[in-house]
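Working notes for the structure below.
The values are calculated or read from the model by the stated rules, or taken from the named source; none is laboratory data. For clarity, every value in this text was computed on a predicted model and none was experimentally measured. Heads up: the accessible areas ignore ligands, DNA and RNA and are worked out on the full protein's heavy atoms, side chains in. Shrake-Rupley method; radii C 1.70, N 1.55, O 1.52, S 1.80 Å.
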Amino acid sequence: MADLVRPARRGLMLILSSPSGAGKSTLTRTLSQKETNLDLSVSVTTRLKRPSEIHGVHYHFIDRPAFDTLRERDELLEWAEVHGNGYGTPRKPVEDALKAGRDVLFDIDYQGTQQILEKAREDVVAIFILPPSMAELRSRLVRRAEDAPEVIAKRLDNARDEIARWSVYDYVIINDDLGAAYESVRAILTAERLKRSRAVGMSEFVAGLLSEAIS
Ligand code: ADP
Ligand code: 5GP
């Protein structure tokens with residue numbers, strides 16, 4: 001008897017959000033380096049590049065007119081104003097990855113999360129990362145030493161608003177120990193990839209199993 005055709009799987013969109021400084025970029029980077037079949041969505045932003053960042057890797061750094069043009073042409077899957085700058089997700093790389101059965105990882109805020117949830121709820125897994133305390137959040141922003149003091153103050157101001165959106169998310173992780181937080185994200189991804197609703201061709205596989213003669 002011929003081998004049964006194994007079920008395929010629809011690609012999923014894994015969103016990581018958090019108040020600035022809670023650790024989502026660190027987790028996102030580690031995941032995208034260690035996981036196969038997971039494309040990192042590289043956003044566009046009008047904010048200034050940080051010293052450690054690379055254009056095209058961490059973000060596509062663009063000016064405001066270029067950002068407005070992308071919006072007007074509907075080339076962004078979602079976009080938002082965050083801390084006074086424009087941020088958005090280029091649509092095409094995401095659509096190409098999902099079509100090819102790959103998963104896509106997003107480091108975006110709650111406004112972008114809400115927009116993507118409205119468009120494709122069933123394909124989205126949304127995780128919110130919390131700091132263990134506000135004092136620790138502040139020291140992480142200071143220790144990161146990539147933003148000017150007034151930028152850090154603005155980010156801390158916004159953190160309470162962002163934390164208040166926690167219930168939009170499917171999962172919430174407190175990032176106290178980085179290794180433990182990473183393992184939690186990986187466990188969620190592994191389980192979500194196995195969800196019955198994402199399997200394509202499972203009915204045919206099961207029908208084939210049931211019709212197989214056992215000698
Ligand atoms: P975000 O992307 O949420 O703004 P980052 O990933 O840049 O945050 O993390 C902010 C800073 O905190 C970085 O310097 C990072 O190395 C550090 N950091 C992240 N997670 C932890 C953790 N669990 N314990 C201590 N420091 C952490
Ligand atoms: P940062 O300036 O620290 O890199 O990012 C600031 C905030 O903008 C973070 O909460 C980050 O997740 C969010 N962000 C980054 N890219 C996008 C995007 O494309 N869309 C939306 N909505 N938020 C984004």
Handout entry: Helix 110-120 axis, angle to the chain major axis (alpha carbon atoms, nearest 10°)
Key = 20 degrees
Completion exercise
Expected field for Asp68, accessible surface area in Å² at 1.4 Å probe radius, rounded to 10, holds 50 Å²
Fill in the blank from the handout: Taking Cα pairs closer than 8 Å and at least 6 residues apart, the relative contact order of the chain in percent is 33 percent
Practice task
Measure out, as a whole number of angstrom, how far apart the alpha-carbon centroids of the stretch 117-177 and the stretch 196-215 sit.
Solution key: 42 Å
Practice task
Quick one: pull the percent of accessible area on the stretch 13-200 belonging to carbon and sulfur, 1.4 Å probe, ligands and nucleic acids left out.
Solution key: 52 percent
Practice task
Considering only protein heavy atoms, with the full assembly of protein chains and a 1.4 angstrom probe, order Lys195, Lys99 by accessible area, largest first.
Solution key: Lys99, Lys195
Completion exercise
Counting only DSSP beta bridges with both partners in the stretch 13-200, the antiparallel fraction in percent, to the nearest 5, comes to 30 percent
Handout entry: Helix 202-211 axis, angle to the chain major axis (alpha carbon atoms, nearest 10°)
Key = 20 degrees
Problem - Three-way shape label, the chain, alpha-carbon gyration tensor, a/c 1.5 - result: prolate
Exercise for the section: Please give the per residue accessible area of the stretch 54-158, computed with a probe of 1.4 Å over protein heavy atoms only, in Å². Expected result: 52 Å²
Handout entry: Amide hydrogen neighbours beyond the local backbone of Leu76, cut-off 5 Å, H modeled
Key = Arg91
Problem - Under 5 Å, built H, 5+ apart or other chain: amide partners of Gly86 - result: Thr46, Arg47
Completion exercise
The set of residues whose placed amide H lies less than 5 Å from the amide H of Ala126, leaving out same-chain residues fewer than 5 positions away, is Ile15, Asp170, Tyr171
Completion exercise
For the chain, longest principal axis from Cα atoms; helix 24-34 axis from its Cα atoms; angle between them, nearest 10 degrees, is 40 degrees
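Return the calculated 222 nm mean residue ellipticity for the chain, to the nearest 500 deg cm²/dmol, obtained by summing -39500 (n - 2.57) across DSSP H runs with n ≥ 4 and dividing by the residue count.
Using -39500 (n - 2.57) per qualifying helix, the result is -13000 deg cm²/dmol.
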Practice task
Mind telling me which of Ser184, Ser17, Ser41 comes out most flexible in a GNM of the chain, alpha-carbon contacts under 10 Å?
Solution key: Ser184
Exercise for the section: Go through the stretch 170-184 residue by residue and turn each phi into a ³J(HN,Hα) via Karplus (6.51, -1.76, 1.60, θ = phi - 60°); whole Hz please, and just put x for glycine and proline. Expected result: 6, 9, 10, 10, 8, 8, 8, 9, 4, x, 5, 5, 4, 4, 5
